[in-house]
Amino acid sequence: MYSRNSLASVLIASGLLMGAQRASASAETSSSSSGAALDEIIVTAEKRSESINDVGMSITAATGLQLQKLGVTDVADFTKVVPGFTYENSVYGTPVYTLRGVGFNDYIMGSEPAVSVYIDQAPLPYSIMTKGVALDVERVEVLKGPQGTLFGENSTGGAINFIPASPTDTFHSGVDVSYGRFNDVTTGGFISGPITDALTARFALSHESADGWQYSDTRPSETNGRKDFTQERLLVDWHPIEDLHFRLNVNGWHDTGDSEAAQFERFKPKDPANPLTQFIYNAILPQPVAPANDRVADWQPGFNFTHDDSFYQIALRGDWNVRSNLTLTSITSYSQLDANEPIDTDGTTICNFCWTAQDGHLTSISEELRLAGENGPLRWMAGGNYQDQVADQTDVAVLNSTGTTIPTPDGPFYIDHVRNTLNQEPITKAGFGSLDYSVTNQFTFQASARYTHQRRTLNGCLADDGAGPYGVRIGTPLGILSSLLSGSPTTVPEGGCVTLSSTTFKPVLVTSSMTESNLSWRVGANWKPQEDTLVYANAARGFKAGGYTFTGGNSTAEFAQPVNQESVLAYEVGYKRSFLQRRVDVTAALYYYDYDDKQFLGVDTYPIFGNLPTLINIPKSYIVGGELNLVVRPVEGLTLSLGGTYVKSRVKTAPSGPTLDGYGNEVSYVGESFPETPKWQGVGDIEYDFPLTGDFSGMVGGTVTARSASQSVFGGNADFTVNSYVLLDVRAGVQTNDGRWRAWLWGRNVTDKYYWTNVTFLVDTLDRLAGMPATFGASLSYRY
């Protein structure tokens, strides 16, 4: 299914309106006679089609053409589109999405995000599955705030729903080509049309390849960051009778590009008293500190960063109009990801045995069945959902750290080669319903609820993986410890578990389970004092499921410690208004989130492995914030937009366990802001479209994104600060007035701003992950 030579689709260049809620996000639009009015947006945020100005929540919508112009190829690029959205590359490369300060940072592939992502309402339950979602889309809708009643738990931050471009009743096709810096070539296309009177189909695909954008600090001829990414989608629509519609969606992608290499900042021994410390310090000291250059990094000679990740999803949706005011909908989907991702964990050339290889197998089966109806002023919906997931991951890690020693009667053993296995299988069942009642043409009251029950099982252990670079198996010293503590001889076979039982002190495969249930709800009121004005207020409670993560699990007491489900009680008031015959659009919102048991990635100290990331629950915390979006079209062809958010987050109560900073020092989390949560964010855009000749028009524009500083971990240590930055993108192009031909020149981060996306400390080195440098290119698009 996946071929490097596949023809590819949807080129990306630069963009029009970002995140404002007035870009033309649907073919269902209306405009004034002057042609200068902003288009009306039709969205399906509440699983029915309605104007965005009639929905009492904060929503950002954008068309596929806008995403294409802005260069948005996956969810990570939404910082250009959605005010208040942040993306961070986690320690091991798993993407972390945050909305309004609500996110979930865990480094395992089986991490379930707090901002959920869907393709036409079919879930992508793991954020690592979302790489190819922006292929050939009609529009995308970003819903802010807890969305648990309609989109399920694990959407405490919000939900992002991508709506693919639909098959057409007549033949259409398109080709896109792009070339940019680092020999970045994207080619693609689509073909769409009828097969029979009742059957239409659309096939789209794209392929991107590029040379490495990073080069070694000590070996400048060696590069990293190569791209090789293919994505495909087949949509088939079937209308066997007028009131019955089925859509089959088969989509997938294959990624054999490179993981990003880290930039070495400083050596920081986890255990300064360890006799190995001086040896490592003397070896690493000659390693140069990475300069303030986004392209410079380092890694061990000959290290292979190449991914081998494959994903596919099959989704079948059916809609039956039982009566004119009653619709039955079924959405069945299966998703599968198989991934192998190697990562150099220290950013130096000295440690030839500091790396991790992640192997993951993630699957999800989902079924949603719902019935929606309308009776005069009352609109209602009721349904159920079932989801069966498997997250099976194995990490082989070679971590030469000064903290990884085991004292035994035979002397200290230095541990450098381990394997972690973790299998989680959550099964979730839910029932939900919603009611909207229009008291008058101006007042509408809403209420919705969802009851969710989940059972999650765990199997896994820390395991022997044979001899590491030093020729020492971890099973040898832990076998000695087990023999000593248990009072009977223990031999650990190669490949066997070395996690010791807290009661028998013998190696065991750890098994555990947790069962949780919750009731999400939302109530709200909408007031429309006039046609183009909406004032709304709502309150909602949302939940995110608990779970497990990897730890330095050398005992069962440590390995099987889960985090409990988190809950948020969110209050929001908002205002939407259009002025001057829809040439000016203003949206604003204020919100307060009261959190119980907020899940975070903290730090704990483990025997043998020292300080390691681990999941924790913060008993009490809160977020207070606001956002303002303005879109203006003062004259024909000129569009100005500006979006900004303010987020203040605070920890009110410290967790019961240790509260450590990134280096393992005891601190107090109370009063601290959430990690990865900048206080200020802004997105601004200007575009001017103008006529050139009778057949051609031109376009020039630019996009600015900005954010304030944040911390990558708790503790307030300046070493873990992700600095503030401002990025500038520009574009200019021409197109035929019939839209068949388009050509752009574009530049992204044109000032070559050096910025970071994360700061990490895994072994004995502090490292940075840099953002992309300046890139320039050209794009050509043709539609038939």
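The values are calculated or read from the model by the stated rules, or taken from the named source; none is laboratory data. Since the model is a prediction, treat every value here as computed from it, not as a measurement. Note that each Cβ is placed from the backbone with ideal geometry, even for glycine, and that neighbours are counted across all protein chains shown. Protein only, heavy atoms only, side chains kept; ligands, DNA and RNA dropped before computing areas. Shrake-Rupley method; radii C 1.70, N 1.55, O 1.52, S 1.80 Å.
Summarised in one figure, the compactness ratio Rg/Rh of the chain, Cα atoms and Kirkwood Rh, is 0.97. Taking the Cα centre of the chain as reference, the dipole from Cβ charges on Lys and Arg (+1) and Asp and Glu (-1) amounts to some 1480 debye. Projecting the Cα positions of SER111, TYR595, ASN423 onto the charge dipole of the chain (unit charges on Cβ atoms of Lys, Arg, Asp and Glu, taken about the Cα centre) puts TYR595 furthest along the positive direction. Gyration tensor over the Cα atoms of the range 101-182: the corresponding equivalent ellipsoid has semi-axes (square roots of 5 times the eigenvalues, largest first) of 28, 18, 11 Å.
With r defined as the distance between the Cβ atoms of TRP320 and TYR437 and R0 fixed at 25 Å, what FRET efficiency is calculated, to the nearest 0.05? The calculated FRET efficiency here is 0.50.
Of the GluC sites (Glu not before Pro) found in the range 483-579, those that fall in a DSSP loop while having at most 11 other beta-carbon atoms within 10 Å are GLU494, GLU531.
For SER488 and ALA718, the FRET efficiency from 1/(1 + (r/R0)^6), where r spans their Cβ atoms and R0 equals 56 Å, is about 0.65.
Computed per residue of the chain from DSSP H runs no shorter than four, each worth -39500 (n - 2.57), the mean residue ellipticity at 222 nm is -1000 deg cm²/dmol.
Using Cβ point charges alone (K and R +1, D and E -1), the dipole size of the range 447-587 about the Cα centre works out to roughly 660 debye. One decimal place: the segment ASP228-ALA357 gains 44.5 nm when fully extended, by the rule 0.36 nm per residue minus the C-alpha distance. Each 5 Å bin from 0 upward holds the following percent of the Cα-Cα pairs of the range 496-646: 2, 8, 12, 12, 12, 10, 9, 8, 7, 6, 5, 4, 3, 2, 1, 0.
For LEU328, the accessible surface of its heavy atoms amounts to roughly 60 Å² (probe 1.4 Å, protein chains only, rounded to the nearest 10).
Test of the criteria: in the range 144-221, which chymotrypsin sites (Phe, Trp or Tyr not before Pro) are in a DSSP loop and have at most 14 other Cβ atoms within 10 angstrom of their Cβ? Answer in residue order: PHE171. Residue separation of PHE579 and TYR451 scaled by 0.36 nm, minus their Cα-Cα distance, works out to 42.0 nm of gained length. Taking the charge dipole of the chain about its Cα centre, with +1 at Lys and Arg Cβ atoms and -1 at Asp and Glu Cβ atoms, the residue from PHE579, THR327, PRO634 reaching farthest to the positive side is PHE579.
Simple point charges give the picture: +1 on the Cβ of Lys and Arg, -1 on the Cβ of Asp and Glu, and for the range 542-695 a dipole about the Cα centre of about 500 debye. Hydrodynamic estimate: the Kirkwood radius of the range 632-738 over Cα pairs, inserted into Stokes-Einstein at 20 °C and 1.002 mPa s, corresponds to D of 124 µm²/s. A simple spin-label model places the labels of VAL730 and LEU519 5.8 nm from each other, with each point 7 Å out along Cα-to-Cβ.
Placing a label point 7 Å from the Cα of SER166 along the Cα-to-Cβ line, the residues of the range 191-206 whose backbone N sits under 18 Å from it are 191-204.
The gain in end-to-end length when the ASN459 to THR504 segment is fully stretched comes to 14.4 nm, 0.36 nm per residue minus the alpha carbon separation. With axes computed from alpha carbons, what is the tilt in degrees of helix 475-486 against the longest principal axis of the chain, rounded to the nearest 10 within 0 to 90? With both axes taken from Cα atoms, the answer is about 70 degrees. A simple spin-label model places pseudo-atoms 7 Å from Cα toward Cβ; at LYS429 and ARG181 they are separated by 5.5 nm. Under the criterion of Cα pairs below 8 Å and six or more residues apart, the relative contact order for the chain equals 12 percent. If R0 is 45 Å, the Cβ-Cβ spacing of ASP752 and SER173 corresponds to a FRET efficiency of close to 0.75.
Across the range 417-514, Cα-Cα pairs farther apart than 16 Å form 69% of the total.
Between ASN304 and TRP680, the modelled label-to-label distance comes to 4.8 nm, taking each label 7 Å out from Cα in the direction of the beta carbon. Of the solvent-accessible surface of the range 698-784, computed with a 1.4 Å probe over protein heavy atoms with every protein chain present, carbon and sulfur atoms account for 62 percent.
Calculation over all alpha carbon pairs of the range 528-600 in 5 angstrom steps from 0 returns a P(r) of 3, 13, 15, 12, 10, 10, 9, 8, 7, 5, 4, 3, 2, 0 percent. Relative contact order for the range 584-665: 34 percent, from Cα pairs under 8 Å spaced at least 6 residues apart, divided by residue count.
Each principal axis of the Cα atoms in the range 693-784 has its own extent, and those three values, largest first, are 63, 23, 19 angstrom.
Dividing the convex hull volume of the alpha-carbon atoms in the range 39-122 by its residue count gives 115 Å³ per residue.
Of the residues SER173, PHE151, GLY189, the one whose Cα sits farthest towards the positive end of the charge dipole of the range 111-236 is PHE151 (charges of +1 on Lys and Arg Cβ, -1 on Asp and Glu Cβ, taken about the Cα centre).
Please list, by residue number, everything in the range 747-784 whose backbone N is under 16 Å from a paramagnetic label point 7 Å out along Cα→Cβ of THR693. Within reach of a label on THR693, which here means backbone N under 16 Å from a point 7 Å along Cα→Cβ, the range 747-784 contributes nothing.
Checked against a 21 Å cut-off, the cross-linked pairs LYS227/LYS679; LYS544/LYS576; LYS47/LYS598; LYS80/LYS679; LYS528/LYS576; LYS80/LYS131 give Cα-Cα distances beyond that limit for LYS227/LYS679; LYS544/LYS576; LYS47/LYS598.
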